[in-house]
Amino acid sequence: MNSVGDAFGWAFKDPAWLGKIAVQGLILIIPIVGWIATTGWLMLAFENARSGRNELPPAGFHLGRGIGIFGVFFLYGLVLGIPGIVFNSIGAHTVSTTQGFTYTSGSPLGSVWSLASQLFIDFLAPTLIIMVSHHRFRGGFDFVNIWKYATSNVTNSVVGGLIIFVGSIIGAAGLIACCIGVFFTLVYSASISAAVAAWFERQQSAPAAPAMPPPTPAA
């Protein structure tokens, strides 16, 4: 990939992309097992992208590869989501419509927290994928090195996180297609995350530009 924006089209460089995404999407329908399998598929896609192979991994139950990163994202989402649940519980109130329907509305602060925590996870996502790839599950909780790697070039982390966030919106857009379409768009979203992580690792590992030499004093 020449730029992070290429992550949106990386999956389509594989001539067999449609079949692979379709089958992995069907696997994703299976609760828990399908989710773990698809995160394993993401990790394999990351390895292909980082090695320069424009090829999606075959669809399948990649549970061994997925359990680590699935656990990491699940725990990060759980811990960071607790304050949002608390805020929503405190600020919850019942709203009645003119049509006679009632529903419970959460706190605006809870919604803001949920969005902020998701953006923070997306900011860390490329680093987490890389750390788990190299160090398995424990790599996802090496907080010192995670933060050091993610902030060694904050711009790359922000850009990569925003692309992953947009990818998640694309993934959720599948709900429009009779709901079941979301499983296929989520798999496509996983391919975006994999490609972004490969780009991010290459950028973070690139040598810094040499410093400009001091000006020569005038004679």
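With a ≥ b ≥ c taken as the square roots of the eigenvalues of the C-alpha gyration tensor of the range 14-94, please select rounded if a/c is under 1.5 and otherwise prolate if a/b is larger than b/c or oblate if it is not? Prolate shape, in that a/c is at least 1.5 and a/b is the bigger ratio. Peptides 14-20, 116-122 ranked from most to least packed by the mean count of surrounding Cβ atoms within 10 Å: 116-122, 14-20. Between the range 57-79 and the range 135-165, the C-alpha centres lie 17 angstrom from each other.
If you scale each eigenvalue of the Cα gyration tensor by 5 and take the root, what three semi-axes come out for the range 110-156, rounded to whole angstrom and sorted largest first? Walk me through the intermediate numbers first.
Details: eigenvalues 86, 33, 14 Å².
Calculated on Cα positions only, the semi-axes equal 21, 13, 8 Å.
Whole-Hz Karplus values for the range 29-45 come out as 4, 5, x, 6, 4, x, 5, 5, 4, 6, 5, x, 4, 4, 5, 5, 5 Hz, taken residue by residue from phi with 6.51 cos²θ - 1.76 cosθ + 1.60 and θ = phi - 60°; glycine and proline positions read x. If you sort the three axes of the alpha carbon gyration tensor as a ≥ b ≥ c, you get a/c of 1.5 or more for the range 105-194 and a/b no higher than b/c, which makes it oblate.
Using a ≥ b ≥ c from the Cα gyration tensor of the range 19-58 (square roots of the eigenvalues), is it rounded, prolate or oblate, where a/c under 1.5 gives rounded and otherwise the larger of a/b and b/c decides, a/b for prolate? Oblate, because a/c is 1.5 or more while a/b does not exceed b/c.
Read the figures in this text as sums done on the coordinates, not as results from a lab. What you see is a predicted model, and the numbers here were worked out from it, not measured in a lab. Heads up, the Cβs are rebuilt from the backbone with ideal geometry, glycines too, and the neighbour counts pull from every protein chain shown.
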